[in-house]
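Scroll down for the structure; my scribbles are underneath it.
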Amino acid sequence: MKVRHAQKGATQGSPNGDPVGDIGASVLAFLAAQALHPTPGNYELGYLYRTDRDSLAARSIDAVLTSGATLTQAQADYILSACHALPRESADASNAGVETPNGARLRHQTLQLHDLASDAANVTGQFGRDLSAELIHIEADSLPIARTITTMIARSGDAERNLVAALEQIDALHAEVAAAQNDALRDSLTGLVNRRGFAAELAKGASDAPVVLAICDIDRFKAINDRHGHPVGDRVIKAVAESIARCCAPHVVSRWGGEEFLILMDDVTLAEAHEIVAAANHALQNRAFRIRESGEALDPITFSAGIVLTQRALALDAIAAADLLLYRAKEAGRNTVYSEETTQRAA
């Protein structure tokens, strides 16, 4: 009975029809029925429930009420914070690049709402099936009871369809959060992980695990940009990124900035890493590049690289040592790979 009462009240207080006073009274009545205090947050949630029946808030609340329970304060807080957090987290993700505490909380909330709605949908569907089975046993002279049960079956079906729609919306919200997180970790030009994505990859392993870092820089890239323009330069960066990533797979290749790429290698020695990077450079310079608009052939494209062996916990600090080796490779005439083991150890 509580479910029918809440759903009936949800049609009141429409912003397109009823006065504000009627909406307020409807919201307060809803909060009283759920034994929720009329705090600003609870009032906002009640307003969403009364005035926007297609919202995630309304569908999530229906998922609770249809199961025969009343809305608890904890559930109200979860639903309201999820509604608040999604747009902000999508924007924050592009700036932060890694999952924030609020982003993690939103992700868990959407999963919990999904489970809640899924359980309620199953209960509602079984309830409707049980009523249908019982209906055939009712005698003909019990027509009012039969009509009542027929109505209940129809309402149960409506509730189940609403809950399925809620599940789809929650799944879509969760996918949006996941996509926003992934986009924030990727370089838009090359599709490689960016600096934030590299930090996230670095955090996945044991802090004392040995890793090899290789920083690569395209040789004479400024001359390509100056002569042919930035659109051609961007296409060269994209092609070089694809070539290095393919040759160095399955190791992590990131675009570190401009024409620089940083490679993170696990389970290889310094000598093995040197061979991998040198082979990638050799494969790159054997590729033929032409200007799309004119057909003019570009000079062979190469890169220089500096490689260090360090520990995962010290990898970001060790980049400076790799950069010094890269500088030495450039001074040695470019198209060169230098490697040297760092003596740093994690405390």
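The values are calculated or read from the model by the stated rules, or taken from the named source; none is laboratory data. As the structure is a computational prediction, the values presented were derived from the model and not from experiment. Here the Cβ positions follow ideal geometry from the backbone for every residue, glycine too, while neighbour counts run over all protein chains shown.
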Requested in this report: Within region 179-191, identify whether any single residue is at pLDDT 70 or above and on the phi > 0 side of the Ramachandran plot, and answer yes or no.
Outcome: yes
Report task. Go through region 206-219 residue by residue and tally those that are over 12 Å from Ala305 (Cβ atoms) and either surrounded by fewer than 16 Cβ atoms within 10 Å (Cβ to Cβ) or of a type in the set (A, V, I, L, M, F, W, C) (or both). Result -> 5
Query raised in the report: On the given criteria, is Ala271 surrounded by fewer than 16 Cβ atoms within 10 Å (Cβ to Cβ) and touching a Cys at 6+ places or on another chain (Cβ under 7 Å)?
Result: no
**Report entry** Failed condition for Leu262, given (1) in a helix (DSSP H, G or I); (2) surrounded by 14 or more Cβ atoms within 10 Å (Cβ to Cβ); (3) not aromatic (Phe, Trp, Tyr)
**Finding:** (1)
Query raised in the report: Quick one: would you say Pro231 is part of a loop (DSSP other than H, G, I, E, B), without any contact (Cβ under 8 Å) to a residue 12 or more places away in the chain and either surrounded by fewer than 21 Cβ atoms within 10 Å (Cβ to Cβ) or over 29 Å from the mean Cα position of the chain (by Cα) (or both)?
Result: no
Report summary line: Filter region 35-82 for residues that are within 28 Å of the chain's Cα centre (by Cα) and outside any helix (DSSP H, G or I); the one that is modelled with the highest pLDDT is Asp52
